[in-house]
Structure formats: structure tokens, C-alpha cells
């Protein structure tokens, strides 16, 4: 398989997870568990395939797990769901102002979903991480 194909196959689930988070579809524990299981099925081959670029397949799993963890911390601190309105600091659906922790809950998972797989790609290319 072509090297860029792994990137495209890994980018599609990351984009889908991003859309689900943006449209507030992953706001309950059941949907987060289901999405983490589905994205884990993409992540396992990403780690096991010898080609370094295959690590991009784990990006969606990193995004879901990071979002779930930050959501848990947010709910523990504030006792309500995080929100993210991209155009202003006020969410009219929730009827409240956003704070920086709201933004962090949505931005950090996106950043980590690209940087962690890229770090694994580099480590696999330098033969630091051994594969099957």
C-alpha cells in the first residue's frame, strides 16, 4: 500500500471524530465507549504494521481518549458538559459563556491526534519502536 494511503485512511476517522465532538454527539459515556472501541480497531493495525506511516491510523483513538479524559476533568470541576462555540465566547445553546477550559477540552485532542501519531511515525522510522 502507498505510504500516503495510510495518512488518508487515518485522517478520515480523525475528521469524523472531530465532527462528532464539534456537534456535541460524544457528550455521554456510552457513545464515548463505542467510539473508543471503534477507533481502537483502527489504532491496533497502525501500531502493528511495519510501515512507519501506518501510525497515523491511531490518531482518532488518541483524539477520543484525550477528549474523554479532558471531558471527565471538566465535568468533575464544573458539574456540566464542556461546550465549544467556534465563533464567540458565548454558546447560545447552553446559555453560558465559555472559559479557557472549554476551549482546551476541544483543541488539545485535535493537536494530540496529529502530534502523537507523527511522533510514533518518527520513532518507527528510526527503528526505536519495533513492529511485528
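The values are calculated or read from the model by the stated rules, or taken from the named source; none is laboratory data. This one's a predicted model, so the numbers in the text were calculated from it and none came from an experiment. In this analysis, Cβ positions are derived from the backbone assuming ideal geometry, glycine residues included, and neighbour counts consider all displayed protein chains.
Given the structure, is residue 122 out of contact with any strand residue (DSSP E or B) (no Cβ under 7 Å at 6 or more places or on another chain), surrounded by 15 or more Cβ atoms within 10 Å (Cβ to Cβ) and more than 20 Å from residue 26 (Cα to Cα)? Taking the combined requirement at face value, the residue does not satisfy it. Scanning the stretch 79-106 for residues that are surrounded by 13 or more Cβ atoms within 10 Å (Cβ to Cβ) and within 22 Å of residue 62 (Cα to Cα) gives 81, 82, 83, 84, 101, 102, 103, 104, 105, 106. Residue count for the stretch 81-117 satisfying the condition of being over 18 Å from residue 21 (Cα atoms) and either within 13 Å of the chain's Cα centre (by Cα) or touching a residue at least 24 places away in the same chain (Cβ under 8 Å) (or both): 3.
Annotation: of all residues in the stretch 1-17 being touching a helix residue (DSSP H, G or I) at 6+ places or on another chain (Cβ under 6 Å) and modelled with pLDDT of 85 or more, the one that is nearest to residue 93 (Cα to Cα) is 17. If you take the residues in the stretch 106-132 that are assigned to a loop (DSSP other than H, G, I, E, B) and in contact with a helix residue (DSSP H, G or I) (Cβ under 8 Å, 6 or more places away or on another chain), which one is nearest to residue 66 (Cα to Cα)? The extreme case among them is 129.
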